[in-house]
Amino acid sequence: MKISSQNKRKKQYKISRVKPVDQMITGRAGLSLFSRYLEKTEVISRILLPRFEMLKKNKKGTSIEETFKQLFCFFMDGTSRHLSHFDHLSRDEAYAGLLGADFEDLISSHTAKRFFGNFVDPSYINEFRESHLDVFMWRLSLNKPEVIVLDLDPMVMDNDQAEKREGVKPTYKKRKGFNALQLTHEGCLVDTILRSGEKHSNSGNSAQKIIERTVRRIRTSYSGDVPIVVHMDSGFMDQKVFDDLEKLDIAYICGGKLYGDITDIMAGIPAKDWNRYYGPGDIEDNRIWEYFEFGDRRGSWKKFRRAIFTRPMNEKGVTLLPFTRPCQVIYTNLGQGTHVDKQLKKAGFEYLLKPEGIIHCYHDRGRSELTFRTLKDFGSEQLPFKKFSNNNAYYHCMVLAFNLYECFKEDVCHDVVPISSYPQTLRRKIIDIGAKLVIDSRSFVLNIPRAIFSALDFGALWQRSNNPPRLLFE
């Protein structure tokens, strides 16, 4: 019986050999969006260049502005966290085209090491911190929040497997590393201090200083009467911290330590005197807490402070037995007739003065702590240098790149990836795109496969990268 040839499938072609080509082909075409975003926002030229242009001793070599741009794109790329990766990139002509840089200006690992080696003067770190605040003021001027909620918390950077590093010491997590004190707002780092690993949360007066510095900047550059709320964990439970924050006319919500006398008193409170707080969420999985409000004064405190004792009643729809409930006490100056109370009432946030609002705001710290996970996903816990000054500069450069990544995600990529997505998601969807660079009329044209161009609406991404929100402060 004769078999019809029409039913036979056409034979698929298979790869038979490979060969190199001289064409400019790249696998990270999305970096062109971020590079153009950096140029058009003028963040580097207006914020960083005036502060660090003195690092350039002569006109030879890559400019300071170009070096910062390549460092930020290095962090955004995320292919490697080793500075030696710059040696590979410096041989890629397509990479230079993506960044809009001359091929001769691509930096090598030696250039990057010399650059970070220049930050021996501690004043340069202060300039980095002022740059963080500049970016923060830029976002405030765009979003115009009616109340500013900040979170203060330390972040341990695990360097246990690294060779001997200056400042790498045992941390409270029983791993050797650094301890960075970080003040965050809506997923970005407002200000930060890199410290050696043995420093605890409330070491010295770092907590008060970092908050005072930020509050002063908000008052002078954004608004003189916007209500400011800072929440902290129990590591900052200190009368000195509370007193200094009260002098700044700001609110604080701080976790407390469960001393024996407090738990004994709570155990004797009748069930009818406890109130209930219903957390946000689905009805089937809604969290329920019991709380009791009281005034507390520790042995060395000069005055009573408002305190709220909370204990969860259920978890994931399952009722918790009394001896399994993770109890917690919260201290705050909200609702005490202070100036910040009047500011909150005027702004329409009077609910924050009530126990339910205070508990909700403090529980929201969990979202703030996700910023640390995102930063580690974006950058690296392990710092590359042996000298603390070099690692300090590298860390602050990484933080700046991270803040700009958050701005880029909000301004350019909001309709492609969720604002809350992690860096790896953005990299896989937007950065890691195959493309070919061709020269047309003395300029580069980025040729992207039609399916990808259409799926991402790459044309719209390109337009937004070229027209980002400008810096609105002087």
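Between Thr171, Cys254, Met266, the Cα set farthest toward the positive side of the dipole of region 160-288 (charges on each charged residue's Cβ, about the Cα centre) is that of Thr171. Here the dipole of the chain is about 1600 debye; that uses its Cα centre as origin and unit charges on the Cβ of Lys and Arg (positive) and Asp and Glu (negative).
The share of alpha-carbon pairs in region 122-277 lying farther apart than 22 Å comes to 52%.
Express in nm, to one decimal, how much length is gained between Lys240 and Asp273 on full extension, taking 0.36 nm for each residue of separation and deducting their alpha carbon distance. Show your work: numbers first, answer last.
Working: separation 33, 0.36 × 33 = 11.88 nm, distance 3.22 nm.
Using 0.36 nm per residue and subtracting the Cα-Cα distance, I get 8.7 nm.
Evaluated on region 198-312, the Kirkwood hydrodynamic radius is 16.7 Å, with distances taken between all distinct Cα atoms.
Fewest neighbouring Cβ atoms within 10 Å first, the residues Tyr13, Tyr222, Tyr351, Tyr405 line up as Tyr13, Tyr351, Tyr222, Tyr405.
Convex hull volume of the Cα atoms of the chain, normalised per residue: 240 Å³. Give me D for region 386-448 in µm² s⁻¹, whole number, from Stokes-Einstein with Rh from the Kirkwood sum over alpha-carbon pairs, 20 °C and 1.002 mPa s. Calculated translational D: 149 µm²/s. With contacts taken as Cα pairs under 8 Å and at least 6 residues apart, the chain reaches a relative contact order of 21 percent. Counting only residues at least eight positions apart within a chain, or on another chain, the aspartates and glutamates with an alpha carbon under 12 Å from that of Lys272 are Glu290. For region 323-474, what log10 I(q)/I(0) values come out of the Debye formula at q = 0.08, 0.17, 0.21 1/Å, with one point per alpha carbon and no solvent? Debye intensities relative to I(0), on a log10 scale: -0.44, -1.14, -1.24.
Please go through the residue pairs Lys247/Lys345; Lys113/Lys387; Lys176/Lys199; Lys257/Lys342; Lys209/Lys376 and name each one whose alpha carbons sit more than 18 Å apart in this structure. Lys247/Lys345; Lys257/Lys342; Lys209/Lys376, as the Cα separations exceed 18 Å there. Over region 26-177, the pair-distance histogram of Cα-Cα distances with 10 Å bins from zero comes to 9, 30, 34, 23, 4 percent, rounded to whole numbers. Helix 64-77: angle to the longest alpha-carbon principal axis of the chain, degrees 0 to 90, nearest 10? Value to nearest ten degrees: 80.
Here, P(r) means the percent of Cα pairs in each 5 Å bin from 0 to the largest distance; for region 333-373 it is 6, 23, 24, 19, 14, 10, 4, 0.
With a simple spin-label model that places each label point 7 Å from the Cα along the Cα-to-Cβ direction, the separation between Asp377 and Lys302 comes to 4.5 nm. Compactness of region 231-297 is given as radius of gyration and Dmax, 15.3, 44 Å, from Cα positions.
Read-outs: derived from the displayed coordinates by stated rules, not from any lab. Computed from a predicted model, the values in this text were never measured in an experiment. Using ideal geometry, Cβ is built from the backbone for each residue, glycine included, and neighbour counts are taken over all protein chains shown.
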